[in-house]
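Asks: One structure, as structure tokens, below. Some questions next.
Each reported figure results from applying straightforward, stated rules to the coordinates on display, with no laboratory input. For clarity, every value in this text was computed on a predicted model and none was experimentally measured. Cβ: placed from backbone, ideal geometry, glycine included. Neighbour counts: every protein chain shown.
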């Protein structure tokens, strides 16, 4: 049986009775102005806003973003880091732009000497946060000090050839990628009176801070050129009148058997592993080896060049 339709009850509530109406969910404690958590929330927001304002003023690029030094791109600068390395570089007279010191770093004799040398050389001194030094050098154990080195000022091959003293002695590298080897070769070349060092731009290390340090200041006294093509440089040396001598561990002729030491020479050393490239080996007038008594596969490139330059110098002295 169908129920009859009921009419809506539109009668007003009787006097003395209150109608029940919903007021919604209860607000959270921090949203109630009379609650103690409301004041704590306001204080937290105020401090956060103030911190952002200070950070943005200190570093406009930072804005509301928390700075993460580890994710920032590294500054592409050539640096020497560490207290011993920095003071040795300054003693050697490495051309530098700036001495970087961490804020609040412990000062010792090495750091004091570095500051004195920098002031004497007219190098600027700058204080930064430790994390900025790490970002600049890529080294975590920088000991709170770093030295920003100036780009090396290369000579040209033409200048080196023009200033050579007869009988000329030029040194070149082929595939030497360790900058410390480059520095050691420069040091030996300067010690034995070479007229210049020639470094191909490709597949070879350049005169970085590490090379400067290893050269112990010799890079400042020896003309060094960065050449585009080693094969072309060899042809130029031949036109100058040089014999091209390559250091090769498998060569039949020993360095002490070389009979052309008194002639203009262009001496090339290759990498420790691969040695001279095929094209360079083919262009050499003479390949010489360094005699060894033990079964060592090969010598370090800088050691091999040092021995060869010593032997050439000895032979020239005897003539």
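Asks: Which FRET efficiency value, to the nearest 0.05, is calculated for residue 44 and residue 112 with the Förster distance at 41 angstrom and r the Cβ-Cβ distance?
Replies: 0.35
Asks: Another one. Between residue 254 and residue 120, what's the calculated FRET efficiency when r is the beta-carbon distance and R0 is 35 Å? Round to 0.05.
Replies: 0.15
Asks: Using 0.36 nm per residue of separation minus the Cα-Cα distance, give me the extension gain between residue 139 and residue 31 in nm, one decimal.
Replies: Going from the current span to full extension adds 34.1 nm.
Asks: Under 16 Å from a point placed 7 Å out from the Cα of residue 262 along the Cα-to-Cβ direction: which residues of segment 210-248 have their backbone N that close?
Replies: 243
Asks: Rg/Rh for segment 259-317 to two decimals, with Rh computed the Kirkwood way over all alpha-carbon pairs.
Replies: We get a ratio of 0.96 for segment 259-317.
Asks: For segment 157-318, what is the convex hull (Cα atoms) projected area averaged across all directions, in square nanometres?
Replies: Its Cα hull, projected and averaged over all orientations, spans 8.7 nm².
Asks: Please figure out what share of the DSSP beta bridges in segment 79-149 is antiparallel and state it in percent, rounded to the nearest 5.
Replies: Roughly 60 percent of the DSSP beta bridges within segment 79-149 come out antiparallel.
Asks: Quick one: divide the alpha-carbon radius of gyration of segment 98-211 by 2.2 N^0.38 Å and tell me what you get.
Replies: 1.37
Asks: Please report the antiparallel percentage of DSSP beta bridges with both residues in segment 186-319, rounded to the nearest 5.
Replies: Of those bridges, close to 5 percent are antiparallel.
Asks: Under a crude label model (7 Å from the Cα following the beta-carbon direction), how far is residue 293 from residue 159 in nanometres?
Replies: For residue 293 paired with residue 159, the spin-label model returns 4.5 nm.
Asks: Take the Cα coordinates of segment 79-149, assign each an equal point scatterer, and use the Debye formula without solvent to give log10 I(q)/I(0) at q = 0.16, 0.19, 0.23 Å⁻¹.
Replies: At q = 0.16, 0.19, 0.23 Å⁻¹ the computed log10 ratios are -0.43, -0.62, -0.94.
Asks: Between segment 220-274 and segment 146-196, what's the alpha-carbon centroid distance in Å?
Replies: Result: 13 Å between the Cα centres.
Asks: Here's another thing I want to ask about it. Simple spin-label model, 7 Å along Cα-to-Cβ: residue 130 to residue 315 in nm?
Replies: Spacing of the two 7 Å Cα→Cβ label points: 5.6 nm.
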